[in-house]
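The values are calculated or read from the model by the stated rules, or taken from the named source; none is laboratory data. Keep in mind it's a predicted model, so treat the numbers as computed, not measured. In this analysis, Cβ positions are derived from the backbone assuming ideal geometry, glycine residues included, and neighbour counts consider all displayed protein chains. Accessible surface is based on the protein model in full, side chains and every heavy atom, while ligands, DNA and RNA are left aside. Shrake-Rupley method; radii C 1.70, N 1.55, O 1.52, S 1.80 Å.
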Amino acid sequence: MHVGMDNLKEKTAKGLFWGAMNNGSTQVLNLLIGIFLGRLLTPAEYGIVGVLTIFTAVAGCLQASGFTQGLINLKSPTARDYNSVFWFNISASIILYTILFFCAPLIARYFKQPCLVEVSRVVFLVLPISALGIVYHAYLVKNMMNKEIAILAFWALSISGITGIVLAFNDFSYWSLVCQQLIYIIVLNIGRYYYVKWRPSFHIDFGPVRQMFNFCVKLLVTNVINTLNQHLLTFIFGRMFPIHTVGNYSQANKWNNMAHSTISNTIGQITQTVFVSVSDEQDRELHVFRKLLRFTAFLSFPAMFGLALVAHEFILCTIGPKWINCVLLLQILCIGGAFFPLHVLYQNLIIARGKSNLYMWCTISQIVVQLLAILLLHKKGITTIVCAYSLLNVIWLFVWQAIAGRMIGLRLLDMLKDVVPFMLIALLVMVATYFLTASFDALLLAMISRVVIAALLYALLMKLSHAKVMEECINFVRKKY
């Protein structure tokens with residue numbers, strides 16, 4: 001048992017390390033690419049592509065249909081399982097693209113942007129192209145090939161980002177963003193085919209898909225609802241407000257998503273696989289979950305609260321004063337964004353336990369509550385709606401705790417002991433840093449000073465409080481280097 005625990009600990013640590021390398025490097029690239037594109041493009045141009053995100057994201061969920069997570073949840077998926085899901089994804093993507101192709105005029109009419117007819121038909125090509133690589137991604141995740149995932153993401157983002165910047169520099173307007181999306185998926189798929197030696201056969205058998213259907217259909221519904229939840233405001237704002245306002249929100253939401261998804265993806269790449277491996281041993285499962293809970297809180301709160309702290313200086317120094325109206329929205333979104341990685345941890349635990357129905361109904365309930373809040377507050381303006389949206393994301397952590405806590409015997413008090421200290425210390429650090437740097441007038445100096453001071457203060461307080469999670473991170477990095 002001890003050997004098994006050590007082996008799992010080592011695999012988890014390596015998975016987290018490469019997940020962090022992957023998400024850290026890709027987000028640095030995203031930062032650089034976002035700065036260049038933000039300076040070259042206008043809020044209105046961002047808004048054109050931003051309003052389509054909900055369609056591609058939802059359609060992407062539909063074509064994957066939860067079978068990616070279904071494959072990962074299998075103890076030992078076979079070539080027959082992978083082949084069945086591969087051809088199902090291809091079929092679904094072709095059907096979805098056809099439907100969306102003919103819906104393009106309706107989409108353009110809804111958002112009152114005639115150019116969306118042509119733009120959407122090109123953007124939606126992401127669906128059949130990405131369908132070619134979904135099963136390959138599931139194979140990489142299932143086998144914890146996080147190093148390979150990191151390398152693929154780096155090259156795909158680099159090539160697509162450079163392409164987008166060159167096109168934007170040459171006045172291709174929103175088409176630069178469209179091409180960037182397509183190139184990213186194409187390069188990613190080429191890399192997946194290189195690393196994964198499995199190839200689909202033309203013996204099409206949907207038997208494994210039917211066997212997984214009951215579990216995966218609930219994941220499908222939940223993934224769609226999660227996607228709607230993430231892009232709901234963009235869709236609603238696209239109808240309620242001018243396109244440049246939508247662009248400002250899209251820009252704020254992009255930076256918020258980049259920050260919290262760096263942590264969420266680092267955690268999410270390994271947690272479902274880890275939880276599946278310990279699901280038969282409740283004491284061990286509880287121990288693993290609480291350790292990951294503390295690790296997630298340790299990373300998420302200082303990162304997201306820190307971004308809120310430097311949001312004003314960051315936006316002005318990087319993409320310029322034309323985006324000043326997105327600063328407050330970004331700060332508000334960061335508060336709710338700090339809790340997203342914790343949500344992901346609970347969600348993966350529930351999925352690993354095979355309780356996709358609970359995952360589905362909890363997510364449905366969340367989006368229904370958010371829709372009600374938006375309906376009640378729609379006349380109050382964009383800032384009030386974003387505040388309500390972020391607050392509900394904070395509150396919903398307790399709902400996930402109520403559901404998942406019963407499965408593994410995690411009490412609410414224990415969860416709070418694991419999470420709240422990191423939240424309060426991060427909040428204290430950001431407040432202290434703000435007052436220490438309040439007199440700095442130079443934007444770049446203020447931003448750099450706040451990042452350095454906040455990081456040092458947080459590390460010092462972690463050291464003084466003897467936070468074990470920090471000691472383990474330092475020891476692991478020392479071993480690697």
**Asked** Can you pull out the residues in the range 326-346 that are at pLDDT below 90 and either open to solvent by 20 Å² or more (accessible area, probe 1.4 Å) or not in a helix (DSSP H, G or I) (or both)?
**Response** VAL344
**Message:** For the range 74-85, check the following and say yes or no: at least one residue is at pLDDT 60 or above, of a type in the set (Gly, Ala, Ser) and part of a loop (DSSP other than H, G, I, E, B).
**Reply:** yes
**Item:** Number of the exception - LEU410 against (1) open to solvent by 20 Å² or more (accessible area, probe 1.4 Å); (2) closer than 27 Å to PHE275 by Cα; (3) more than 23 Å from the chain's Cα centre (by Cα)
**Value:** (1)
**Complete:** Per the filter on the range 129-159, residues open to solvent by less than 30 Å² (accessible area, probe 1.4 Å) and within 17 Å of ILE267 (Cβ to Cβ) are LEU140, VAL141, ASN146, ILE149, ALA150, ALA153
**Message:** Checking ARG199 against (1) buried (at least 21 other Cβ atoms within 10 Å of the Cβ); (2) in a loop (DSSP other than H, G, I, E, B): exactly one of these is not met. Which one?
**Reply:** (1)
**Some residue of the range 146-155 being touching a helix residue (DSSP H, G or I) at 6+ places or on another chain (Cβ under 9 Å), over 15 Å from ASN30 (Cα atoms) and outside any helix (DSSP H, G or I)** = no
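Across the range 417-437, what is the total count of residues that are farther than 19 Å from VAL469 by Cβ and open to solvent by 60 Å² or more (accessible area, probe 1.4 Å)?
In the first step, residues of the range 417-437 are kept if they are farther than 19 Å from VAL469 by Cβ; the result is 430-437.
This time we only want the ones that are open to solvent by 60 Å² or more (accessible area, probe 1.4 Å), so: 431, 434-436.
Final tally of qualifying residues: 4.
What residue, of LEU397, LEU358, is open to solvent by 10 Å² or more (accessible area, probe 1.4 Å) and either without any contact (Cβ under 8 Å) to a residue 40 or more places away in the chain or assigned to a helix (DSSP H, G or I) (or both)? Working first, answer last.
Values: LEU397 fails: open to solvent by 10 Å² or more (accessible area, probe 1.4 Å).
Testing whether each residue is open to solvent by 10 Å² or more (accessible area, probe 1.4 Å) and either without any contact (Cβ under 8 Å) to a residue 40 or more places away in the chain or assigned to a helix (DSSP H, G or I) (or both) leaves just LEU358.
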**Request:** Give the number of residues within the range 342-366 that are of a type outside the set (Gly, Ala, Ser) and within 15 Å of LEU392 (Cα to Cα).
**Result:** 6
